[in-house]
1. Can you compute the helix-only [θ] at 222 nm over the chain? Use -39500 (n - 2.57) per DSSP H run of at least 4 residues, normalise by all residues, nearest 500 deg cm²/dmol.
2. Roughly how many Å² of residue 59 are accessible to a 1.4 Å probe, to the nearest 10?
3. Quick one: if you take sqrt(5λ) for each eigenvalue of the C-alpha gyration tensor of segment 40-91, what semi-axes come out, biggest first, whole angstrom?
4. Which trypsin sites (Lys or Arg not before Pro) from segment 55-105 combine a DSSP loop assignment with at most 14 other Cβ atoms within 10 Å?
5. Tell me the relative contact order for the chain as a rounded percent, counting alpha carbon contacts under 8 Å between residues six or more apart.
6. Round to the nearest 10 and report in Å² the accessible area of residue 100, as given by a 1.4 Å probe over the protein chains' heavy atoms.
7. So what is the accessible area of the chain per residue, in Å², with the probe set to 1.4 Å?
8. Can you list, bin by bin at 5 Å, the percent of alpha carbon pairs in the chain, starting at 0?
Amino acid sequence: MVLDSPDEVRFLSQEAALDASATDANRCVDRMDEVFELYDGNRVVMGENGHYLHGHMTTFPDGLAAADAERLRPGSRFGAMPAYVGGDVDAVGVKWYGSVTPRPAEASAPRSGPILVLSDPD
């Protein structure tokens, strides 16, 4: 997607992502294969010194005061997964997600709702 100006921000709704073939499994798998080839060719950089870290994870309620820990669900976590992908992708981005342990009454609710933020590295 090419934006009209360097300071333009575009939000893509779930409906727009579906319209853009996000549910085309074959196309998604093909693109993932291409990105793994870029990774194997040292054209992907992730976190930490070795560029291998698959993101940062914060888990709950470890280490919190009782007042905060009591309302949080054990096993819940939030993560940020930054990376640069070279080649024809040439984008830097981060996947931000929360993975919340459902309460019994919410068993059918989604456990995680990721957000992807892509930026032009220039």
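The values are calculated or read from the model by the stated rules, or taken from the named source; none is laboratory data. Just so you know, these numbers come straight off a predicted model, no measurement behind them. Neighbour counts run over all protein chains shown; Cβ positions are idealised from the backbone, glycine included. Surface accessibility is based on the protein's heavy atoms, side chains included, excluding ligands, DNA and RNA. Shrake-Rupley method; radii C 1.70, N 1.55, O 1.52, S 1.80 Å.
1. Values: 3 runs with 26 residues, N = 122.
Calculated from helices alone, the mean residue ellipticity at 222 nm is -6000 deg cm²/dmol.
2. Roll a 1.4 Å probe over it and residue 59 shows about 60 Å².
3. 34, 10, 7
4. Taking segment 55-105 and a limit of 14 other Cβ atoms within 10 Å, the loop trypsin sites (Lys or Arg not before Pro) found are 71.
5. Details: 149 pairs, mean separation 20.8, N = 122.
Relative contact order of the chain: 17 percent.
6. Solvent-accessible area, nearest 10 Å²: 50 Å².
7. Details: 9520 Å² over 122 residues.
Averaged over the residues of the chain, the accessible area is 78 Å².
8. 2, 9, 13, 17, 19, 16, 11, 8, 5, 1
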